[in-house]
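Novice: Can you read through this structure? Questions will come right after.
The values are calculated or read from the model by the stated rules, or taken from the named source; none is laboratory data. This structure is a prediction, so every number in the text was calculated from the model and none was measured. We place every Cβ from the backbone using ideal geometry, glycine too, and count neighbours over all the protein chains shown. Ligands, DNA and RNA are stripped out before the accessible areas are found, and what is left, the full protein with its side chains, is counted by its heavy atoms. Shrake-Rupley method; radii C 1.70, N 1.55, O 1.52, S 1.80 Å.
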Amino acid sequence: MAKSFKTFLKHTAKDFHNQSVNPPVVRASTIIFKSMLDIRKTQDKAKKNPTGGHFDYGRQGTSTTHVLSQILKTMEECHHVFLTPTGFGAVFLAIFSVTRPGDEIIVADPAYNPTRILTQEFLKEFNIKTNFYNPHDLKTLEKNINKKTKLIFVENPGSNSFEFQDLNKIIIIAKKNKVYTAIDNTWGTPYFLKPIKLGFDMSIVSATKYYSGHSDVMGGSLAVNKRVFKVVDMANKITGLRLGPDDAYLITRGLRTLDVRLDKHEKNSKEVANFLSSYKNIKLLYPHKKDSFNFRMWKKYYSGASGLMGLKIKSKNKSSVIIFVYSLKLFGYGYSWGGFESLALYQDKREQGNRQFLNLDKDEHLVRLHIGLEDPKDLIEDLRKSLRFIK
Ligand SMILES: Cc1ncc(COP(=O)(O)O)c(C=O)c1O
């Protein structure tokens, strides 16, 4: 009987050797062999089957990281999943693998700000030029493609402004122009969206967020198709990017409940979104308003929504919006998201980044909420009390 994915997450990675329901944490730099012949046999196996977990040195991983990679491969329905020490490491690996001096890349304007800085400021030093496209005007994407263009880097939905894009159209444009595609899928995770199946070459998830789910570990994953496997594998080896076995173990543990947590994040977020939608001074940046383009694009591609949302708040008084955020009792103030707890953040100029296509009037402010796994009634009550401060 074919197991559902939810069942797979609970039953996978058992250690039958030690009769344990969880895999052991194998920490290793040196891997011990019986002889040089034995080493060569392992290396030959690795050559024939590069994704099979045949390691001759700890930098390539151990059985603990291999187990995690295999679980994510099943979830992503892809050729292979590379593991990195942070989500941003996976962003870097994707871009570094397919670009060389003289190339150009095109990045979604609302990409995560460090991704924008990496592409726009750092890659410039290596003679790699970045253009940004408007996520709701794909003509700006096609217009920017030329003979030097190597990669389209998508993030969906956009960071801070939460635009949902027509992903199929992007893939068609990329294929027509023979350009690689990568997407940052941290918001949806492959539980809600499977980008490699859709046609992307590479898909990034920050495992720091929902995969681990407990705000106590960092990691990243880069899922790839067959087309790019070799170049990414080479770049991965050269950069030495490696996820430690203890972090891999914690991420595997988090994945056991990924479906349960994401279903609950979605349920809580919908209740909070319904509550917030009655406020005239707030525009909700979350797929809930059925007649919007964003909602249609979300519905077309995703099977669910996670717990991260934006609020565009209209107020001539910036301090009052900040007081609203500071006075929340159940929402911690800080970066990151995807853990069990609710968080809030005022998105100031520095958090927004140097955006070209951010539609934000002078009297509009961005606040990001991560809706956690608390009782939504308590979250709503907390928001109700603090929203009174906005003038
Ligand atoms: C959309 C997105 N991508 C990538 C990252 C980077 O992940 P990490 O913090 O694990 O490096 C983040 C972190 O906030 C993120 O929000």
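Novice: Using only the alpha-carbon atoms of the chain, report the extent along each of the three principal axes, biggest first, to the nearest angstrom.
Specialist: So the extents along the principal axes, rounded to whole Å, are 75, 53, 39.
Novice: Report, for region 221-365, the % of DSSP beta bridges that are antiparallel, rounded to 5.
Specialist: Looking only at bridges with both residues in region 221-365, the antiparallel portion is about 75 percent.
Novice: Can you tell me the alpha carbon radius of gyration of region 198-344 divided by the globular rule-of-thumb value 2.2 N^0.38 Å? Intermediate results must be reported in sequence, preceding the final value.
Specialist: On the way: Rg = 18.6 Å, N = 147, 2.2 N^0.38 = 14.7 Å.
Computed over Cα atoms of region 198-344, the ratio equals 1.27.
Novice: Does region 263-344 classify as rounded, prolate or oblate by the C-alpha gyration tensor (a ≥ b ≥ c root eigenvalues; a/c under 1.5 gives rounded; else a/b over b/c gives prolate, otherwise oblate)?
Specialist: Note, shape of region 263-344 comes out oblate.
Novice: How big is the Kirkwood radius of region 182-278, worked out from every pair of different alpha carbons and given in Å to one decimal?
Specialist: 15.0
Novice: Divide, for region 221-266, the radius of gyration over alpha carbons by 2.2 N^0.38 Å, where N is the residue count.
Specialist: Values: Rg = 14.7 Å, N = 46, 2.2 N^0.38 = 9.4 Å.
Rounded to two decimals, the normalised Rg is 1.56.
Novice: Which of the trypsin sites (Lys or Arg not before Pro) across region 253-287 are loop residues per DSSP, with 11 or fewer other Cβ within 10 Å? Could you put the intermediate results ahead of the total?
Specialist: Values: sites: Arg253, Arg256, Arg261, Lys264, Lys267, Lys270, Lys280, Lys283; in loops: Arg256, Lys280.
Sparse-neighbourhood loop trypsin sites (Lys or Arg not before Pro): Lys280.
Novice: Under 12 Å Cα to Cα from Lys300, which aspartates and glutamates show up? Leave out anything in the same chain fewer than 8 places away.
Specialist: Filter leaves Asp166.
Novice: Across region 358-367, in residue order, what do the Karplus-derived ³J(HN,Hα) couplings come to in whole Hz, using 6.51 cos²θ - 1.76 cosθ + 1.60 with θ = phi - 60° and x for Gly and Pro?
Specialist: 8, 8, 9, 6, 4, 9, 10, 10, 9, 10
Novice: A further question on this structure: Among the aspartates and glutamates, which have Cα under 17 Å from the Cα of Lys270 when same-chain residues fewer than 8 positions away are ignored?
Specialist: Asp259, Asp291, Glu341, Glu374, Asp375, Asp378, Glu381, Asp382
Novice: Taking the chain as a Gaussian network, Cα atoms linked when under 10 Å apart, which of His265, His66, His136 shows the biggest mean-square fluctuation?
Specialist: Of His265, His66, His136, the Gaussian network model singles out His136 as fluctuating most.
Novice: Taking Lys48 as the anchor, which lysines have their alpha carbon closer than 18 Å to its alpha carbon, excluding any fewer than eight residues away along the same chain?
Specialist: List returned: Lys226, Lys230, Lys237.
Novice: How large is ³J(HN,Hα) for each residue in region 119-135, as worked out from phi by the Karplus curve 6.51 cos²θ - 1.76 cosθ + 1.60 (θ = phi - 60°), to whole Hz, x for Gly and Pro?
Specialist: 6, 6, 9, 6, 5, 4, 4, 9, 6, 10, 9, 10, 10, 9, 10, 6, x
Novice: While we're here: Rounded to the nearest 20 Debye, what is the dipole magnitude of region 276-391 about its Cα centre when Lys and Arg each give +1 and Asp and Glu each give -1 at the C-beta? The partial results should precede the final answer.
Specialist: On the way: 22 positive and 12 negative charges, 119 e Å.
My answer is approximately 580 debye.
Novice: Set the bar at 22 Å for Cα to Cα. Now go through Lys197/Lys264; Lys178/Lys299; Lys280/Lys312; Lys209/Lys283 and name every pair that lies beyond it. Write down the numbers at each step before the final one.
Specialist: On the way: Lys197/Lys264 25 Å; Lys178/Lys299 28 Å; Lys280/Lys312 11 Å; Lys209/Lys283 25 Å.
Over 22 Å Cα-Cα: Lys197/Lys264; Lys178/Lys299; Lys209/Lys283.
Novice: Can you pull the percent of the chain's accessible area that's carbon plus sulfur, 1.4 Å probe, other chains left in place?
Specialist: Taking all protein chains in place, the chain shows 54 percent carbon and sulfur surface.
Novice: If you roll a 1.4 Å probe over the heavy atoms of the protein chains, what accessible area per residue do you get for the chain, in Å²?
Specialist: On a per-residue basis, 48 Å².
Novice: Please report, largest first and rounded to whole Å, the three semi-axes of the ellipsoid equivalent to region 71-142, where each semi-axis is the square root of five times an eigenvalue of the C-alpha gyration tensor.
Specialist: Each semi-axis is the square root of five times an eigenvalue, giving 23, 17, 12 Å.
Novice: Positive end of the dipole of the chain, charges at C-beta (+1 Lys, Arg; -1 Asp, Glu), about the Cα centre: which of His214, Leu167, Val325 has its Cα farthest in that direction?
Specialist: Leu167
Novice: While we're on this one: If you take the charge dipole of the chain about its Cα centre, with +1 on Lys and Arg Cβ and -1 on Asp and Glu Cβ, which of Ala235, Leu138, Pro157 is farthest toward its positive end?
Specialist: Towards the positive end, the residue furthest out is Leu138.
Novice: Which order do the peptides 137-148, 203-214, 313-324 come out in when sorted by mean C-beta neighbours inside 10 angstrom, highest first?
Specialist: Numbers: 137-148: 14.2, 203-214: 26.7, 313-324: 15.8.
Output ranking for 137-148, 203-214, 313-324: 203-214, 313-324, 137-148.
Novice: Here's a follow-up. Taking the Cα centre of the chain as origin, work out the dipole magnitude from +1 charges on Lys and Arg Cβ and -1 charges on Asp and Glu Cβ, in debye rounded to 20.
Specialist: Dipole about the Cα centre, nearest 20: 820 debye.
Novice: If you place +1 on the Cβ of every Lys and Arg, -1 on the Cβ of every Asp and Glu, and leave all else neutral, what size is the dipole of region 38-178 about its Cα centre, to the nearest 20 Debye?
Specialist: 680
Novice: I've got another one for you. Arrange the peptides 352-359, 334-341, 83-90, 156-163 so that the one whose residues have, on average, the most other Cβ atoms within 10 Å appears first.
Specialist: So the peptides 352-359, 334-341, 83-90, 156-163, ranked by packing, come out 156-163, 83-90, 334-341, 352-359.
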